[in-house]
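The structure under discussion appears below in the form of structure tokens.
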Amino acid sequence: MSVQVKKLSVLFLPALVVLVLDQITKYVVRTNTSLHRLEVIEGWLAFNFTKNPGMALGMDWLSTQTISIVAIVATIGIVAYILFTLDRANYAYLLCMGLIVGGALGNIADRIFMGVIGGYGGVLHGHVVDFIHFTLQIGDRAVFPYIFNVADIAISTSIIILLLFHKRIMPLETEEEEANPEAGVETEKDLSESSIEGSEPGAGNSENEEQVKSVPTADSEKKINNESDLLS
């Protein structure tokens, strides 16, 4: 198995796992009314089945169809960028990006099909199924009031890891320079050429002439000695 095939596997296998797991959990919760409102861990975690027509965290600045199109275009752009930087990418980076792609595809699947399945719209009019809800409160305030799904967990976890360890995980430009030793050779060549130009004949003539002019001759020293004898 070539390195490129391994990298593609590390990218797309996690994406497939997240997509399948996300859709299965959504289907189970959606089709079982007993799971629509369920206290999993009292005071901490519950299932609250909701359908989100907007973006993440309940934002609904745009129409559902527009958000669906934007999500599809953004996911295509992300995949294109990953494939473009595949040679410089390490496995940790590809794993994180695979989780992000899988999460994006999970929510896009809802946007494409849920409108038709639910009978409330057509393609791209679907609402994203959310059901995981942290119910922990401090005083009268909820610690995290938003309801989310498995796809959101995959995306958020990967983004946090990329932010915390971006220096080790993200593809770096220095790796390109190391893979292209000609760049270093050209730099040494430029330095050597500049040093040769600085040592061309005539470059230091003016300084030598000034030094010669400032050196006293034997006649001038004799004249100075005679004058000092006269003064004494």
Extent along principal axes [Cα atoms of the range 1-46; Å; largest to smallest]: 49, 24, 9
statement: The answer for His125, listing residues at least 5 apart or on another chain whose modeled amide H is closer than 5 Å to its amide H, is Gly115
- prompt: When the chain is fully extended, how far beyond the present Cα-Cα distance does Ile72 get from Tyr91, taking 0.36 nm per residue of separation?
  reply: 4.4 nm
query: Contour minus end-to-end for Val116 and Leu16, with contour as 0.36 nm per residue of separation and end-to-end as the Cα-Cα distance?
result: 33.7 nm
- prompt: Of the listed peptides 25-32, 128-135, what is their order by residue-averaged count of other C-beta atoms within 10 Å, with the highest listed first?
  reply: 128-135, 25-32
message: If I take R0 = 45 Å and measure r between the Cβ atoms of Leu163 and Asp140 in this structure, what FRET efficiency does the formula 1/(1 + (r/R0)^6) give, to the nearest 0.05?
response: 0.90
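Stokes-Einstein at 10 °C, 1.306 mPa s, Kirkwood radius from Cα pairs: D for the range 48-133 in µm² s⁻¹?
114
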statement: Yeah, the range 1-92 with a ≥ b ≥ c from its alpha-carbon gyration tensor (a/c under 1.5 is rounded, else prolate when a/b outruns b/c, oblate otherwise) is oblate
field: Length released on extending from Tyr81 to Ser2, taking residue separation times 0.36 nm less the Cα-Cα span
entry: 26.4 nm
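No lab work stands behind these numbers, since they all come straight from the coordinates. Keep in mind it's a predicted model, so treat the numbers as computed, not measured. Ideal geometry is used to build each Cβ from the backbone, glycine not excepted, and the neighbour counts take in all protein chains shown.
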